[in-house]
Amino acid sequence: MTDLPLRDDLRGKSPYGAPQLDVPVRLNTNENSYSVPEPVADAIGKAVQAELRDLNRYPDRDAVALRADLAAYLGHGLGTAQVWAANGSNEVQQQLLQAFAGPGRTAMGFGPSYSMHPLLAAGTGTAWIGALRDPDFGLTPGAAVAYVEQHQPDVVFLCSPNNPTGTALDPSVIDAVLSASRGMVVVDEAYAEFARPGTPTALALLPAHKRLVVTRTMSKAFGFAGGRLGYLAAHPEVVDAVQLVRLPYHLSSLTQAAARAALAHRDALLVTVDAIKEQRDRIVATLRERGLRVADSDANFVLFEVGGDQRIAWQHMLDNGVLVRDVGLPAWLRVTAGTPSETDAFLAALEDK
Ligand code: PMP
């Protein structure tokens, strides 16, 4: 690309992406290990089929029916005007940065956290401020407020449950950040459905805060990562704002139809959540029994300490047919909770280390 008139800030960069390797046990991208049940796949197929003759027409630009279905799923008194959808929550977050950040503005996050947040900032020309969580990966209201007051970012990302550490944030942190900031506060709840009982969602804070946005996805609990459907809930004016930057017809009629069919069968899809939580809790308990440090998890993955160079442990597990994630945290690795047999394979590969 050296000969191309590429943006200076993109020169020398590599595209983001976890390895997509063909190994027996893939536990590196927090997908849902359970494939779509046959009756649900049939229903999605019929819904998509019904759209095919109309593919000569553009889709509903505002995806109204899908947004109504998503609002009904979320509850909390939310309606269509408070929900927006796009091709994955990554695209939703990109649109938020396009609308509320961009050149001359800043976005902040508390690392270690989801690595796409700073990359989306870079792609939209937003300066990134990398604040830090506590050494035990927690985040207190006092520490968060100090960072926000010092930098006054235009957008603050809070991730709850946090990727890659797994733990949900106390709502007091979100409240404190909202009070201390003048910008938008985006709470990334990609893993909300996996939270341990009693874990509050930031959706409950929406009525009191116009600058709060909660992003969600169908990629994890719904097992719909390939369908690419993410969404947000916020004040209707936030939805109006992202519509200023979205591409017209960004959500294909096939995506809208497939997502609506999947939502209509949510009970059949979300049954996997309890099974996955069981495996997550089994991984946490087993690794702690083995004397490893493990972060508490409200998500479908577990961050654990390998006690040595994580790159060597990662390669060793890969050699044993188990792909986990090196998130770049020295001595720690992240594993997705999947099926019982995937947990067996992971625990065996790690023990054999
Ligand atoms: N947020 C977090 C915290 C994630 O871990 C992920 C997926 N890895 C996403 C958002 C993006 O998910 P999607 O674009 O598939 O909705």
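Some notes on this structure:
- Breaking point among (1) part of a helix (DSSP H, G or I); (2) surrounded by fewer than 15 Cβ atoms within 10 Å (Cβ to Cβ), for T286: (2)
For every residue, the table says whether it meets (1) over 25 Å from P248 (Cα atoms); (2) assigned by TED's automatic domain parsing to the domain that holds A204; (3) out of contact with any Ser or Thr (no Cβ under 7 Å at 6 or more places or on another chain).
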{"residue": "N30", "(1), (2), (3)": "yes, no, no"}
{"residue": "I44", "(1), (2), (3)": "no, yes, yes"}
{"residue": "E51", "(1), (2), (3)": "no, yes, no"}
{"residue": "V83", "(1), (2), (3)": "no, yes, yes"}
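- Within this structure, P164 fails the test of being part of a loop (DSSP other than H, G, I, E, B), open to solvent by less than 50 Å² (accessible area, probe 1.4 Å), more than 16 Å from the ligand (Cβ to nearest atom) and in contact (Cβ under 8 Å) with a residue 12 or more places away in the chain.
- Filter pass, R61 being free of Cβ contacts under 8 Å to residues at least 60 places away in the same chain and among the basic types (K, R): no
- Sub-9 Å Cβ pairs linking a first residue in region 110-125 that is closer than 12 Å to Q95 by Cα and open to solvent by 40 Å² or more (accessible area, probe 1.4 Å) to a second residue that is more than 10 Å from the ligand (Cβ to nearest atom) and not charged (D, E, K, R), at least 6 apart or interchain, are G123/L10; G123/L97, ordered by first then second residue.
- Criterion violated by A63 - all others in (1) assigned by TED's automatic domain parsing to the domain that holds L247; (2) over 23 Å from the mean Cα position of the chain (by Cα) satisfied: (2)
- Elements of the type helices (runs of 4 or more DSSP H) sitting completely within region 1-107 and holding at least 1 residues that are of a type outside the set (A, V, I, L, M, F, W, C) and in contact with a Gly (Cβ under 6 Å, 6 or more places away or on another chain): these cover 89-100.
- Residue satisfying all of: in region 86-130; closer than 19 Å to I174 by Cα and of a type in the set (G, A, S); nearest to the ligand (Cβ to nearest atom) among these: S113
- Residue match in region 335-347 (condition: at pLDDT 95 or above, open to solvent by 20 Å² or more (accessible area, probe 1.4 Å), touching a strand residue (DSSP E or B) at 6+ places or on another chain (Cβ under 8 Å) and closer than 14 Å to P164 by Cα): no
- When L318 is tested against (1) assigned to a helix (DSSP H, G or I); (2) aliphatic (A, V, I, L, M); (3) open to solvent by less than 20 Å² (accessible area, probe 1.4 Å), exactly one condition is not met: (3).
- Qualifying residue in region 88-103 (condition: farther than 30 Å from S253 by Cα and out of contact with any Lys or Arg (no Cβ under 8 Å at 6 or more places or on another chain)): yes
- The single residue among D62, D69 that is away from the ligand (no atom under 15 Å from the Cβ) and touching a Leu at 6+ places or on another chain (Cβ under 8 Å) turns out to be D69.
- Residue check for V185: surrounded by 16 or more Cβ atoms within 10 Å (Cβ to Cβ), at pLDDT 95 or above, in a strand (DSSP E or B) and more than 10 Å from the ligand (Cβ to nearest atom): yes
- D22 being away from the ligand (no atom under 16 Å from the Cβ), of a type outside the set (K, R) and open to solvent by 70 Å² or more (accessible area, probe 1.4 Å): yes
- Taking the criterion of being of a type outside the set (G, A, S) and surrounded by fewer than 18 Cβ atoms within 10 Å (Cβ to Cβ), the residues of region 262-272 that qualify are R266, D267, L270, V271.
- Of everything listed in (1) closer than 30 Å to G338 by Cβ; (2) more than 12 Å from the ligand (Cβ to nearest atom); (3) assigned to a helix (DSSP H, G or I), the single unmet condition for V239 is (1).
- Residue pairs meeting the criteria (Cβ under 6 Å; at least 6 apart or on separate chains; first buried (at least 19 other Cβ atoms within 10 Å of the Cβ), in region 229-255; second in a loop (DSSP other than H, G, I, E, B)): L229/M218; G230/G88; A233/L78; L251/A63; S253/P59
- Residue list for region 200-228, filter: away from the ligand (no atom under 15 Å from the Cβ) and either of a type outside the set (K, R) or touching a residue at least 40 places away in the same chain (Cβ under 8 Å) (or both): P200, L203, A204, L205, L206, P207, A208, H209, L212
The values are calculated or read from the model by the stated rules, or taken from the named source; none is laboratory data. These numbers were taken from a predicted model, which means no experiment stands behind them. Using ideal geometry, Cβ is built from the backbone for each residue, glycine included, and neighbour counts are taken over all protein chains shown. The protein model used for the area step is the full one, side chains on, heavy atoms only, and it has no ligands, DNA or RNA in it. Shrake-Rupley method; radii C 1.70, N 1.55, O 1.52, S 1.80 Å.
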